[in-house]
1. Could you tell me whether region C:239-256 includes any residue that is polar (S, T, N, Q) and either open to solvent by 40 Å² or more (accessible area, probe 1.4 Å) or under 18 Å from C:Pro405 (Cα atoms) (or both)?
2. Would region C:291-310 turn up any residue that is modelled with pLDDT under 95 and on the phi > 0 side of the Ramachandran plot?
3. Suppose we filter region C:294-317 for residues that are in a helix (DSSP H, G or I) and touching a residue at least 60 places away in the same chain (Cβ under 8 Å); how many remain?
4. Within region B:224-235, is there a residue that is open to solvent by 10 Å² or more (accessible area, probe 1.4 Å), assigned to a strand (DSSP E or B) and either in contact (Cβ under 8 Å) with a residue 12 or more places away in the chain or of a type in the set (D, E, K, R) (or both)?
5. Hey, any hits in region C:423-434 for a residue that's surrounded by fewer than 20 Cβ atoms within 10 Å (Cβ to Cβ), within 14 Å of chain A (Cβ to nearest Cβ) and touching a Ser or Thr at 6+ places or on another chain (Cβ under 7 Å)?
6. Here is a check on your reading of the model: is C:Thr133 within 20 Å of B:Gly55 (Cβ to Cβ), assigned to a loop (DSSP other than H, G, I, E, B), under 22 Å from the mean Cα position of the chain (by Cα) and in contact (Cβ under 8 Å) with a residue 12 or more places away in the chain?
7. Scan region A:33-47 for residues that are more than 7 Å from every other protein chain (Cβ to nearest Cβ) and of a type in the set (A, V, I, L, M, F, W, C) and report the count.
8. Mind listing whichever residues of region C:353-364 are facing chain A (nearest Cβ under 8 Å) and over 17 Å from C:Asn139 (Cα atoms)?
Amino acid sequence: MSIDKNTVRKVASLARLEIDEAGLEKMTPKLNGILQWIEQLQALNTDNVEPLANVANIELKLRADALTDGNCADKVLANAPETTAGYFVVPKVVE
Amino acid sequence: MTYQIQGEQGTWEVVIGMEVHAQVIAESKLFSGAAASFGAEPNSQVSLVDAAMPGMLPVLNEYCVEQAIRTGLGLNAKINKTSVFERKNYFYPDLPQGYQISQFLHPIVGKGEIEIDLPDGTTKTIGITRLHLEQDAGKSVHDQHPTKSYVDLNRSGCALMEIVSEPDIRSPDEATAYLSKLRMILRYLDTCDGNMEEGSMRADVNISVRKPGAGYGTRCEVKNVNSLKAVQQAIEYEAQRQVEIIEGGGKIDQETRLWDPAKGETRSMRSKEEAHDYRYFPDPDLLPLHLADSWIERVRETLPELPDQKKHRFMKDFGLSAYDANVLIAERARADYFEIVAKGRDGKMAANWVLNELLGALNKDGKSITDSVIAAGQLGALIDLISDNTISGKIAKDVFAEMYKSGKDPAEIVEEKGLKQVTDTGAIEKIVDEVIAENPDNVAAYRSGKDKLFGFFVGQVMKKSQGKANPNIINELLKKKLSL
Amino acid sequence: MTNLTHLTIEQALKGLEKKDFTAVELTQAHIDAMEKFRSLNAYIVETPEIALKQAAESDKRRAGGKAGLIDGIPLGIKDLFCTQGVQTTAASKILEGFKPEYESTVTSNLFRDGAVMLGKTNLDEFAMGSSNTTSAFGNVINPWKRKNDNTDLVPGGSSGGSSAAVAARICMGATGTDTGGSIRQPAAFCGIAGIKPTYGRCSRWGVVAFASSLDQAGPFARTVKDNALLLRSMAGYDPKDSTSADRPVPDYAAAMTGNIKGLKIGVPKEYRVEGMPAEIEKMWQQGIDWLKSAGAEIVDVSLPHTKYALPVYYIIAPAEASSNLARYDGVRYGKRVTGENLKDMYQKTRAQGFGEEVRRRILVGTYVLSAGYYDAYYIKAQRVRRLIYNDFMSAFEKCDVLLTPTAPSAAFAIGENEDDPVKMYLNDVFTVTGNLAGLPGLALPAGLDSQGLPLGLQLLGRPWGEETLFNVAGVIEKAANFTALPASVQKAA
């Protein structure tokens, strides 16, 4: 499978990465190089093989339902580029 | 009572499926220890995990899992012993991680069903497709500044259950019945407060239309349907809209639409649709969730009696009609109240007093049973006074009115106001004699065959006794004396 | 006193205990050395004030008889670990100026045991790279040079700042993270030792995430035993990390008995890759011989799916990264580039905040997860990951430890392998399998090549087999007697 500039543009939009025409020209062949290289997996038969998502051989631990966190708006907001009255501020979201 | 839309080209049927987001009742959030309650200062109930600071990791809340199991059992559903949390990836300012942790391919609860009660007294079974756990998003405030939005993450990470129904619903009435029943079950289980105004229960409605017997049509998902009334109206509007498009030769686009309660219409949210591709994949920060059988059984054992079970028991044990039983079980508190009143007493009588007198009075004042100043035991005591002939049913209503005002015990009111029933035959006989003497014309008429006048005499005697004379004794004496 | 920076951690702890010198003196010696080697660009931020304050506190603790396991030892901290109040960047412009309000579990553990932080070490941006040339804060230069050649070489990556700093004696040890080889390959390139423990051994809490199912923290140091000392402090169960294992942390140094008689060492034939320099092959054989003469039994094993490991890695790691890096959106912290609207703000912030390699991997990751490709790429990769894992489990039925080279080459020049991303990715060919299977992997220097550059050997163990790795590594270390120093460091000493 190889991808064209249009697909790269769409994927970049999905990933919220601005990319101009020159960027597409440069990025597309490199992505194709990587994708063609990973294509070699298709040669391998994996029928009846269960996907492996995580190798931690442990059971998921759960936490008790208790208030142990929060109440730290100052810490939460400390590194924000823009805040007002305890809110994060972003350009207006058009619904 | 099938719901049909009359189009220009015949009748149409509407097919409805519901996706309900119910906020899980819990102290803390699904993956962090910050508070899950409503109404705090912006960003005060936010942990570094909820704010998606670099390197922060989710840890699953055990109680939220238990609540999901409980709800699944309450929906007669299959509990999946293995479920997987996945990431749903999209960008939005109130979604700090850039993804929502949700369940996709492997939800914690599988297929189930609930029985809904329709206005005509019939019931219908609606299938539940699945229930899964997921994080809520934060809140963006758009009306505070002309060019900026403000973001509050207090809701971010609160636990939600998404409950998806099968497309088994066929009318607006069924849809609201489904939502009411679901809410009732969640409230009985104490897993969601069902408060639609506060947004702790939200519904998305999938709507399509078809000719009866035909295959499913293309559906639209209508969002922001946040009251029972809105559900009713949105379905009516949307079904009509779809019929008009199809009959006009058009095609329905599968899309998400927004219900606008002010305008009473749905409108396309296509702007937001923009190439949605959520790229679900298992969250590598979390491992699959395995539920031990013993845990599921423990939850099953603590399950409260559910509305339908209670309804059938009320009908069987207390001889109530389905209608009365339904009204009584509509709220758990109401049913509990009734049970205290009915215990060891006549069930029908208890139901009458709770439904007609107490709920009638409360409804008039816009109050619910939990606001009642009359305790269940007090209402029971009032019924006892009727049963042991201390007061008549009629006097009891006066006593009730006084109880409703003051919250006093019925015996105390009866005592204070001297309302005790007169059972002294001599005293009543005296009044009967007076009444007969005062109404010679009516006595003559009665004796010549006008039986209906008997009630008049009873009324007169009652009046003279200020309602306190025992009606049985009045009847007996009047019959004897008038037939002389 | 001038040679304080050349001590091992083990020696320094003895010296501190014997009052030969103080922690403040030890720390000051390193701060002075850091200044001399600033041209290596190993640190993004130096924190001498914090270091001296911690050292002074350490001296007090020691005087009071309350010294911790590594009290007073000055370390470099990879700038992927969040450190409270100290800028943490992941070597990315998108996090420039970010000062966490929290301390990662691993650094908290180190500080609990008395460690001193000299500064935040440079790395490939978001740990994505094998040469430390993707950092937004400039390349790190390997203190090693080829014989009679002044070309600047890469320190390896992604933890290149940590490995260069340890090799240059401007810290006694350092933290690293390893997602596909980011501890072991730089250790090999810089002639030091490092270990990536079993997945779940060190908490990932507070470590900027790259690929969550592969990321694992571990130490760098100049000796195997020093690594054992550091890992003991770093490791441990953390209830804040759901993938952290609740099992006791052993005394790794105590496991280094030197006795490996009867231990079965597996040699996987698939690691003899095409184009591998003969010198590396020779070094590998040398390692086999050392272990044989120490009484171990050598077993030929097969890991048939090895050749698929890199493509699997370059699907899974970018996929997870594309999602992990979605949080860098200019809303709550880090860089924000203003735009015409919200989407424009996002796109500009992320395009200008992330470097080229990071953007490339985000695109690959987004693509392989997108509708229509998920099964063909991502699920396929997970299936092959299972086969790779199964290969190891079968091999470990026949042997206790695997011995392999660490990297397919010695350190290369800055700028080499830059034109073709795939060529760069091949650096991880021997290490990435350990991440996919979650196994512990230890890299240590075994000798120099003909150009005078260090070459390393890698030991891979069973899950939770760190103690065996340390023991076997100790035997190789003794036999190899690797004492070479980079020329610049020799001069400084």
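1. Scanning region C:239-256, I find no residue that is polar (S, T, N, Q) and either open to solvent by 40 Å² or more (accessible area, probe 1.4 Å) or under 18 Å from C:Pro405 (Cα atoms) (or both), so the answer is no.
2. Checked against the condition, which is being modelled with pLDDT under 95 and on the phi > 0 side of the Ramachandran plot, region C:291-310 yields no hits at all.
3. First, pick out the residues of region C:294-317 that are in a helix (DSSP H, G or I): C:306-317.
Filter once more, so that each one left must be touching a residue at least 60 places away in the same chain (Cβ under 8 Å): C:306, C:308-317.
Total meeting the criteria: 11.
4. Scanning region B:224-235 turns up at least one residue that is open to solvent by 10 Å² or more (accessible area, probe 1.4 Å), assigned to a strand (DSSP E or B) and either in contact (Cβ under 8 Å) with a residue 12 or more places away in the chain or of a type in the set (D, E, K, R) (or both).
5. Looking for residues that are surrounded by fewer than 20 Cβ atoms within 10 Å (Cβ to Cβ), within 14 Å of chain A (Cβ to nearest Cβ) and touching a Ser or Thr at 6+ places or on another chain (Cβ under 7 Å), one finds none in region C:423-434, hence no.
6. Numbers: within 20 Å of B:Gly55 (Cβ to Cβ): no; assigned to a loop (DSSP other than H, G, I, E, B): yes; under 22 Å from the mean Cα position of the chain (by Cα): yes; in contact (Cβ under 8 Å) with a residue 12 or more places away in the chain: yes.
Judged against the criteria, C:Thr133 is not a match.
7. Adding up the residues that qualify gives 2.
8. Within region C:353-364, the subset facing chain A (nearest Cβ under 8 Å) is C:354, C:359-360, C:362-364.
Across region C:353-364, the qualifying residues are C:Arg359, C:Arg360, C:Ile362, C:Leu363, C:Val364.
The values are calculated or read from the model by the stated rules, or taken from the named source; none is laboratory data. Please read all numbers here as calculations on a predicted model, not as lab measurements. All Cβ positions, glycine included, derive from the backbone under ideal geometry; neighbour counts span all protein chains shown. Just so you know, the surface numbers come from the protein's heavy atoms only, side chains and all, with ligands and any DNA or RNA stripped out. Shrake-Rupley method; radii C 1.70, N 1.55, O 1.52, S 1.80 Å.
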